[in-house]
Amino acid sequence: MKTSWLAALVLVAGAAQAQNTTTSLRVILVGDSTMATKSGYGDALCERFKPEVTCLNVAKGGRSTKSFRAEGLWDRVMTLLRDRPAGQTDVVLMQFGHNDQPGKPGRSTDLQTEFPVNLANYIADVGPTGARLVMLTPLTRRSFDAQGRLENNLRPWADATIRVSTEHQVTLIDLNALSHAAVQAMGENEADTLAMAPKPLTAPAQAASAPDRAGASNPVFDRTHLGAKGGQVFSAMVAEQLGIVMPELKRWMR
């Protein structure tokens, strides 16, 4: 009798171990230029996962909750989620807001109506696929006023994201609050070293929307997009928060 119990335990343990070794993780990053390749923190975040993790950065510069879907980019993500191999866990990290702000034809959305509805539609799409969705509030811009205070005109979009995620019980990282606090603490001079290009000797004051009009492909200094240093700073921030809101991911991270 004892032998059969021991044999059963061995079989159960072996099955569990086999299941653990066959289970895989895929992370899909969905968002705008502050997450995208070359201009955001997304690629640096992917590097923080172990080599066996598939990390796809499909974020694209200039996209909003409206244009990301309208251009068919979301359809590609949904195809991936629906075709998920058995034993694989999919985690989608989603961050929008920058291009949903006013003044961007074909991209802007109404903060009170369109933006939250668009987010809710993404949530509704992901649910049936069995993937895990993590919503992130928009990364702060790094424009300081004359008194050394960091502006935060993205906070209303962050608050709307929080409301939608709370209503639909979706995991959330308030990246806007975390990044704003960090940039405020480091000050303008240090914050400027996070940009895509070195700060020129004379950097003119810029409106918050100027970097977005320039676009992520324009290799000029701006206070929205990120260079290598900025990518490391904010990817570390997101990785740390992922370990808090989804502790099961820690085993997959370096």
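For residue 57, the residues 5 or more places off, or on other chains, whose built amide H falls under 5 Å of its own are 29.
The fraction of all Cα pairs in the stretch 83-170 landing in successive 5 Å bins from 0 to the largest distance is 3, 12, 22, 20, 16, 12, 8, 5, 2, 1, 0, 0, given as whole percents. Once the 1.4 Å probe is applied to the protein heavy atoms, the stretch 75-201 comes out at 45 Å² accessible per residue.
Over the stretch 35-80, all Cα pairs binned in 5 Å intervals from 0 give whole-percent P(r) values of 5, 21, 24, 22, 19, 7, 2, listed from short to long. A Förster distance of 30 Å, applied to the separation of the beta-carbon atoms of residue 86 and residue 250, puts the FRET efficiency at 0.80. In terms of the mean number of neighbouring beta-carbon atoms within 10 Å, the peptides 150-158, 221-229 order highest first as 221-229, 150-158. Modelled this way, with points 7 Å down the Cα-to-C-beta line, the labels at residue 163 and residue 113 are 1.5 nm from one another.
Placing pseudo-labels 7 Å out from each Cα toward the beta carbon at residue 73 and residue 177 gives an inter-label distance of 2.7 nm.
The values are calculated or read from the model by the stated rules, or taken from the named source; none is laboratory data. All values reported here derive from a predicted model rather than from experimental measurement. Glycine also receives a Cβ, built like all others from the backbone with ideal geometry; neighbour counts cover every protein chain displayed. Calculation scope for accessible area: heavy atoms of the full protein, side chains included, ligands and nucleic acids excluded. Shrake-Rupley method; radii C 1.70, N 1.55, O 1.52, S 1.80 Å.
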